[in-house]
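These notes are about the structure you will find just below.
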Number of protein chains: 2
Amino acid sequence: MRQNVIFDNDVLRALTEVLSELKGNKVFFLTDDNTQKLVLPYFNTLLEECQASVITIAPGDVNKNLSTVEQVCLALQKGGATRNSVVVNLGGGVVTDLGGFAAATFKRGIRFVNVPTTLLSAVDAAVGGKTGVNFGGLKNEIGVFCEAVAVLISTRFFSTLPLEEIKSGFAEMLKHGLLKGTETYQKLLSFDFTSVDNDAFLNLLTESVNVKRVIVEQDPTEKGLRRALNLGHTAGHAFESMAMERNKPVPHGYAVAWGLVVELVLSNLLKGFPSENLYGLAQFVYSHFGAFYITCDDYDSLLNLIHHDKKSVSGECNFSLLKNIGEVEVDCRVDDDTVKAAFDVYRDLMHI
Amino acid sequence: MRQNVIFDNDVLRALTEVLSELKGNKVFFLTDDNTQKLVLPYFNTLLEECQASVITIAPGDVNKNLSTVEQVCLALQKGGATRNSVVVNLGGGVVTDLGGFAAATFKRGIRFVNVPTTLLSAVDAAVGGKTGVNFGGLKNEIGVFCEAVAVLISTRFFSTLPLEEIKSGFAEMLKHGLLKGTETYQKLLSFDFTSVDNDAFLNLLTESVNVKRVIVEQDPTEKGLRRALNLGHTAGHAFESMAMERNKPVPHGYAVAWGLVVELVLSNLLKGFPSENLYGLAQFVYSHFGAFYITCDDYDSLLNLIHHDKKSVSGECNFSLLKNIGEVEVDCRVDDDTVKAAFDVYRDLMHI
């Protein structure tokens, strides 16, 4: 079950080695319009060498749907992909999640390699075997658990990203820090977004990805412990879905950052999570991510979205909460009134 | 990996027990228009007892596609299905394959029970974890390997089936007999389609399903041995696809029966499979299934379809062949000219 995760800023050499080991009879690169333009040229010699076909999809979460999956599968079919072929998912979370799902279901599964080009996909989406697409207005509603045969993690493509994208991924690193312990977490709180050193950042990222790997390896299909990784995501997904409904989508990581605030409020109310750590996080989130605006009129819609979450058990909301930094408890059932109380505190902390 | 397969003609009691063990928070029955009318009423008391929701799809292979999967997932979503819910696939191969795929991908996988109502799905589709739908003109081109948590096998619903359906399933039993050995195979050749005893038939069916189970348990994801089960299917799928292209679809089992003839010709040419056994099978197939009409003008199209088969390795056709009854060899590469020669012999044997 151990996934082959390679941390290396010399991505061209690393990917060349991986593909030569896999010996696929055909190689397909999946990109979106952005990575095709900004990142794919870096791999030109490799593309020629292995006579790869390139499949390009429209970018963004709005295209993370079954219709795009069909488009990818059709391109694989027309390109003569067999069970022995390999798909390289080169892009952010949409490309790795959707490309992983397409590869995992095409001919009942062909091998795929993830090369995340955004911080968010590097730290979260590309590792751990969760693939899928949005459906019926809900995030990642259709998918499978299927591991990439290899994941190549680097920071070299991040320089092409807007700061917003970096911050979005950073929220997942914050979550990993909260799960890991004070030392890791404090390093993150003092991170300087204005001057990033690629190799130092790769070290921080390696530490963060390994938090996730350790958890996923113990519980690949999310029967228990893995739900720890949902920290911030139950409330976060509800914010994200609500933003979609408002036709003002927000970056995933921003929603997670706001979700972390809500869920640390719940942790504080129900598990004794220290108030000073809650305030510290809320301040960091507010200053770097701003706030997601809600009024008490939104509470019922948010609760409804939470009840529809994959993690929900009938009737009550189901959260992963913290007793302290580094001490997680999964499957915490919380009644609706307590969640509403947490939204109240969230609005206070976010100055709404 | 051992799948819970229950052989019992008292299906109502057996399913009641299974569902009570699974303790799903919601139960969904997936049927098609036919099984909703002919089979579902048999479960009425159970449906009420567990307050099950019923999802009904249009019948037939033409509806085994992603659009029907979307329809099922939407119904699950609207019906409030969670990861703890259970889907009961009540129907033939289309329902079990498609329902299995929908359940395996909805919220990245919820549990499903297969209750095959046709011989074909009982003997083949419902056991072994292959789920999927047709795509881009190819059979089962999109899908995943995912085991039902339980499969209830009975013969009690077969009396509602036309003889054609029984024969279609019987072709898969023939294949299992050919893989198992002379004793099992001979019992099948002397089967009397005109007077079927339900319980005696269940015994024969049990023997047949167990041939498949033993193979699947040793190789669940078709890395090697499981390809033995493709016997008859490489040529058979090509016939089936060609029939679809001609807008004159044929029952899957009929295509397999004709495919068995082609592949035993190849076995005879390349592996020394005894001629008398080839003639015996060809005669049985011709008298019960008739022939699929092809001329030498169809050979290139058929070869093209074979090359697009999931099992194909680039360049050559890949078959599972028999040295004798009970002695299979997987991954036999065969060049196009030899396949064409086998089509010639097939036409002779089928009096075309």
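Looking for something charged (D, E, K, R), at pLDDT below 95 and on the phi < 0 side of the Ramachandran plot - is there at least one such residue anywhere in the range B:260-277? Explain how you work it out, then say what you get.
Taking the range B:260-277 as the starting set, the residues that turn out to be charged (D, E, K, R) are B:263, B:271, B:276.
From what's left, at pLDDT below 95: none.
Scanning the range B:260-277 turns up no residue that is charged (D, E, K, R), at pLDDT below 95 and on the phi < 0 side of the Ramachandran plot.
Given the residues A:ALA58, A:ALA52, which is the only one that is away from every other protein chain (no Cβ under 14 Å) and either closer than 17 Å to B:VAL133 by Cβ or touching a strand residue (DSSP E or B) at 6+ places or on another chain (Cβ under 6 Å) (or both)?
Result of the check over A:ALA58, A:ALA52: A:ALA52.
Just the residues that are over 22 Å from B:LEU322 (Cβ atoms) and either β-branched (Val, Ile, Thr) or out of contact with any helix residue (DSSP H, G or I) (no Cβ under 7 Å at 6 or more places or on another chain) (or both), please, taken from the range B:168-215.
B:ASP192, B:THR194, B:SER195, B:VAL196, B:ASP197, B:ASN198, B:ASP199, B:ALA200, B:PHE201, B:LEU202, B:ASN203, B:THR206
Scan the range B:78-96 residue by residue and report those that are within 11 Å of another protein chain (Cβ to nearest Cβ) and touching a residue at least 24 places away in the same chain (Cβ under 8 Å).
Pass one, the range B:78-96, residues within 11 Å of another protein chain (Cβ to nearest Cβ): B:78, B:80-85.
Within the range B:78-96, B:GLY80, B:ALA81, B:THR82, B:ARG83, B:ASN84, B:SER85 qualify.
Give the residues of the range A:90-112 that are within 16 Å of A:ASN65 (Cβ to Cβ) and either outside any helix (DSSP H, G or I) or hydroxyl-bearing (Ser, Thr, Tyr) (or both), sorted by residue number.
Hits for the range A:90-112 are A:GLY91, A:GLY92, A:THR96, A:THR105.
Give the residues of the range B:132-184 that are among the acidic types (Asp, Glu) and open to solvent by 20 Å² or more (accessible area, probe 1.4 Å), sorted by residue number. I'd like the intermediate steps shown before the answer.
Step one: filter the range B:132-184 for residues among the acidic types (Asp, Glu), giving B:141, B:147, B:164-165, B:172, B:183.
B:GLU147, B:GLU164, B:GLU165, B:GLU183 - these are the residues of the range B:132-184 that are among the acidic types (Asp, Glu) and open to solvent by 20 Å² or more (accessible area, probe 1.4 Å).
If A:LYS64 satisfies every condition in (1) basic (Lys, Arg); (2) away from every other protein chain (no Cβ under 14 Å); (3) more than 30 Å from A:HIS237 (Cα to Cα) but one, which is the exception?
(3)
Find the helices (runs of 4 or more DSSP H) located wholly in the range B:235-352 whose residues include 1 or more that are under 30 Å from A:ALA103 (Cβ atoms), and list them. It would help to see each step written out before you state the result.
Values: elements: B:252-271, B:275-289, B:299-307, B:336-349.
The helices (runs of 4 or more DSSP H) meeting that bar are B:252-271, B:299-307, B:336-349.
Being free of Cβ contacts under 8 Å to residues at least 60 places away in the same chain and touching a helix residue (DSSP H, G or I) at 6+ places or on another chain (Cβ under 9 Å) is the filter; apply it to the range B:1-33 and report the residue that is farthest from B:ASN198 (Cα to Cα).
If we take residues in the range B:1-33 being free of Cβ contacts under 8 Å to residues at least 60 places away in the same chain and touching a helix residue (DSSP H, G or I) at 6+ places or on another chain (Cβ under 9 Å), then B:THR16 is farthest from B:ASN198 (Cα to Cα).
From the set of residues in the range B:211-253 that are open to solvent by less than 20 Å² (accessible area, probe 1.4 Å), within 14 Å of chain A (Cβ to nearest Cβ) and in contact with an Asp or Glu (Cβ under 7 Å, 6 or more places away or on another chain), which is farthest from B:GLU329 (Cα to Cα)?
Per the stated criteria, the residue is B:THR234.
It is to be established whether one or more residues within the range B:338-347 are among the polar types (S, T, N, Q), modelled with pLDDT of 95 or more and over 24 Å from the mean Cα position of the chain (by Cα). Before you say what the answer is, go through the steps one by one.
Step one: list which residues in the range B:338-347 are among the polar types (S, T, N, Q), which gives B:338.
When the remaining residues are screened for being modelled with pLDDT of 95 or more, the result is B:338.
Remaining after also requiring over 24 Å from the mean Cα position of the chain (by Cα): B:338.
For the range B:338-347, residues among the polar types (S, T, N, Q), modelled with pLDDT of 95 or more and over 24 Å from the mean Cα position of the chain (by Cα): present.
What number of residues within the range B:102-130 satisfy the criterion of being surrounded by fewer than 24 Cβ atoms within 10 Å (Cβ to Cβ), touching a Leu at 6+ places or on another chain (Cβ under 9 Å) and at pLDDT below 95?
Summing the residues that are surrounded by fewer than 24 Cβ atoms within 10 Å (Cβ to Cβ), touching a Leu at 6+ places or on another chain (Cβ under 9 Å) and at pLDDT below 95 in the range B:102-130 gives 1.
Is it true that A:ASN210 is assigned to a helix (DSSP H, G or I) and free of Cβ contacts under 8 Å to residues at least 40 places away in the same chain? I'd like the intermediate steps shown before the answer.
Working: assigned to a helix (DSSP H, G or I): yes; free of Cβ contacts under 8 Å to residues at least 40 places away in the same chain: yes.
Yes: the conditions hold for A:ASN210.
Give the number of residues within the range B:135-154 that are acidic (Asp, Glu) and more than 10 Å from B:ASN114 (Cβ to Cβ).
Filtering the range B:135-154 down to residues acidic (Asp, Glu) leaves B:141, B:147.
After this cut, where a residue has to be more than 10 Å from B:ASN114 (Cβ to Cβ) as well, the list is B:141.
Looking only at that region, the number is 1.
Report yes if B:THR206 is of a type in the set (Val, Ile, Thr), under 19 Å from the mean Cα position of the chain (by Cα), open to solvent by 10 Å² or more (accessible area, probe 1.4 Å) and over 22 Å from B:GLY259 (Cβ atoms), otherwise no.
Working: of a type in the set (Val, Ile, Thr): yes; under 19 Å from the mean Cα position of the chain (by Cα): yes; open to solvent by 10 Å² or more (accessible area, probe 1.4 Å): yes; over 22 Å from B:GLY259 (Cβ atoms): yes.
Answer is yes for this residue.
I'd like to verify a number: residues in the range A:214-265 that are in contact with a strand residue (DSSP E or B) (Cβ under 9 Å, 6 or more places away or on another chain) and farther than 23 Å from B:LYS107 by Cβ, how many?
Going through the range A:214-265 one residue at a time, the tally reaches 1.
Of all residues in the range A:269-313, how many are within 14 Å of another protein chain (Cβ to nearest Cβ) and open to solvent by 40 Å² or more (accessible area, probe 1.4 Å)?
4
The values are calculated or read from the model by the stated rules, or taken from the named source; none is laboratory data. Note that this is a predicted model, so its numbers are computed, not measured. Cβ sites come from the backbone with ideal geometry, for glycine too, and all protein chains shown count toward neighbours. Accessible surface areas use protein heavy atoms only, side chains included; no ligands, DNA or RNA. Shrake-Rupley method; radii C 1.70, N 1.55, O 1.52, S 1.80 Å.
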